[in-house]
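The values are calculated or read from the model by the stated rules, or taken from the named source; none is laboratory data. Remember, predicted model here, so these are calculated numbers, not experimental data. Cβ: placed from backbone, ideal geometry, glycine included. Neighbour counts: every protein chain shown.
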Ligand code: HEM
C-alpha cells in the first residue's frame, strides 16, 4: 500500500531510511518482501510499518489479519498507478482503474459474462487439448535434451490458452509471426511493470525518463494497439458476415465486449485496454501458480480465479497422470525472486518418465 504524502508525523513505527531517498535500497534487489519483513521484525512493526521512498509514503503489514482487513476495506480499494501501468493503458482496464463506476462496470462484465461458469465450461475442451500439446512438448524435450524446462512449456501453454479465451485464436509460437509478436508484447510488458521506476517516487526525475521506461512503454503500446485493433476488426468483419449472430457460450472475450459495446459505452480504446490486460494477467499467473503462488483477496480479488483454478487443476492432473517427475542432478532450488509476481529464481528443470507406453 502506498499513499503519497500522508505526512511525516505518524504513530506507525518504521525506519526513516536515507535522507531524501528513504528506504530505496530495499526495492533495488529481488527480495524486497524478505528485506521488508526483516526490517518490520527489527522495529516490532508486524501489524503496520511506515516508511518513505522519495515523495511516496508506504504503509505495509506483515500480519495476515491486518492485511485481510486492509484488502477488504473500500478505503483501500484503489491501486497506486505506477507510470508504467498508466502508460501501458492499465488505468483504462480493471487492475489500476480507481474504485468507482467504470471499475464496477468492468467487474460486473467479468463476473456475468467473461468468467461465468457457462463460459469457463465452454473452454474446457480447449484447455484439455492444450494439456495434451504440453505432454507432447515434454516428450519432445526429453528426447532432444534429456530434461524439461517446466516454465517454458507452461508459459507457451498458458499464452495459447488465454489467447483462445480472449481472442479466439491459437498460435504456433515457433513458426507463426503473430505468435512471436504476441509473446514479445507480453514479456516486454512484464519487464516494464516489474521495473523499480525512480520516476514514480522522485517526480523531479520524471521528465528525464532516465531508465527509458516511458519511451519503452509508448513503443510497446503502439504495437499493442496495432495487434489488438486488427483482431477487433477481424471480429467485426466476421460478425457482419454472420449478421451479428454469435453463439453466446462459445464466443471469445472480444465477442462479449462487442455484444455489450453499446450498453456499456466502451470505446475501442477501452476495449483494447481491457483485452490487453486479460492477455497480460492470464498468461504467466497460470504458469507461476503451478510452481508457487496466490489470487489476492478482498475487493480487488482476481476475477479470473475460477478459470485460473480450472486450468491449473486440469493441467496438473494431466501432467501427473502422464509422467513421473524426477528432479534433475541439481535438485530443486526453491529460492525466490520478486518480479511482477513472486517467481522461482532458478528455472525448474525436471526429467520425466512416461507412466504408460
Ligand atoms: C491462475 C492464475 C492466476 C493468479 C494466481 C492470479 C492472481 C491475481 C492477483 C494476485 C491479483 C491482484 C489482486 C490485488 O490487486 O489485490 C489479480 C488480479 C487480476 N487478475 Fe488474476 N490471477 C490469475 C489468473 C487470471 C486470469 C486467467 C485472468 C484473466 C484472463 C486474470 C485477470 C485479472 C484481473 C483483470 C485482475 C485485476 C482485478 C482488479 O483489480 O479489479 N487473472 N490476479
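For this structure, a couple of remarks:
One line per residue, one yes/no per condition, for (1) under 19 Å from the mean Cα position of the chain (by Cα); (2) within 30 Å of residue 224 (Cα to Cα):
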residue: 40; (1), (2): no, no
residue: 72; (1), (2): no, no
residue: 95; (1), (2): yes, yes
residue: 100; (1), (2): no, yes
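- Residue tally, condition closer than 20 Å to residue 201 by Cβ and surrounded by 13 or more Cβ atoms within 10 Å (Cβ to Cβ), over segment 11-24: 8
- Complete set of residues in segment 52-66 that are at negative phi and crowded, with 17+ Cβ neighbours inside 10 Å: 52, 53, 56, 57, 58, 59, 60, 61, 62
- For segment 143-168, a residue qualifies if it is farther than 30 Å from residue 32 by Cα, within 20 Å of the chain's Cα centre (by Cα) and touching a residue at least 40 places away in the same chain (Cβ under 8 Å), and the qualifying residues are 161, 163, 164, 165, 166, 167, 168.
- Looking only at segment 77-90, residues that are touching a residue at least 40 places away in the same chain (Cβ under 8 Å), surrounded by 16 or more Cβ atoms within 10 Å (Cβ to Cβ) and more than 10 Å from the ligand (Cβ to nearest atom) come to 7 in all.
- Residues satisfying the criterion are absent from segment 120-132 (criterion: more than 15 Å from the ligand (Cβ to nearest atom), buried (at least 17 other Cβ atoms within 10 Å of the Cβ) and over 30 Å from residue 330 (Cα atoms)).
- Scan of segment 99-108 for residues that are within 12 Å of the ligand (Cβ to nearest atom), assigned to a helix (DSSP H, G or I) and out of contact with any helix residue (DSSP H, G or I) (no Cβ under 8 Å at 6 or more places or on another chain), ordered by number: 102, 103, 104, 107, 108
- Qualifying residue in segment 277-293 (condition: at pLDDT 90 or above, within 8 Å of the ligand (Cβ to nearest atom), in the same structural domain as residue 224 (by TED's automatic domain parsing) and assigned to a loop (DSSP other than H, G, I, E, B)): no
- Across segment 303-349, the qualifying residues are those that are at pLDDT 90 or above, outside any helix (DSSP H, G or I) and buried (at least 18 other Cβ atoms within 10 Å of the Cβ), and the one among them that is nearest to the ligand (Cβ to nearest atom) is 304.
- Residue within segment 234-252 that is modelled with pLDDT of 90 or more, under 20 Å from residue 97 (Cβ atoms) and assigned by TED's automatic domain parsing to the domain that holds residue 166 present: no
- The selection criterion, being within 16 Å of the ligand (Cβ to nearest atom) and in contact with a strand residue (DSSP E or B) (Cβ under 9 Å, 6 or more places away or on another chain), does not hold for residue 169.
Residue-wise test of (1) closer than 18 Å to residue 278 by Cα; (2) part of a loop (DSSP other than H, G, I, E, B); (3) modelled with pLDDT under 90.
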{"residue": "110", "(1), (2), (3)": "yes, no, no"}
{"residue": "127", "(1), (2), (3)": "yes, no, no"}
{"residue": "155", "(1), (2), (3)": "yes, no, yes"}
{"residue": "162", "(1), (2), (3)": "yes, no, no"}
{"residue": "170", "(1), (2), (3)": "yes, yes, yes"}
{"residue": "179", "(1), (2), (3)": "yes, no, yes"}
{"residue": "189", "(1), (2), (3)": "yes, no, no"}
{"residue": "223", "(1), (2), (3)": "yes, no, no"}
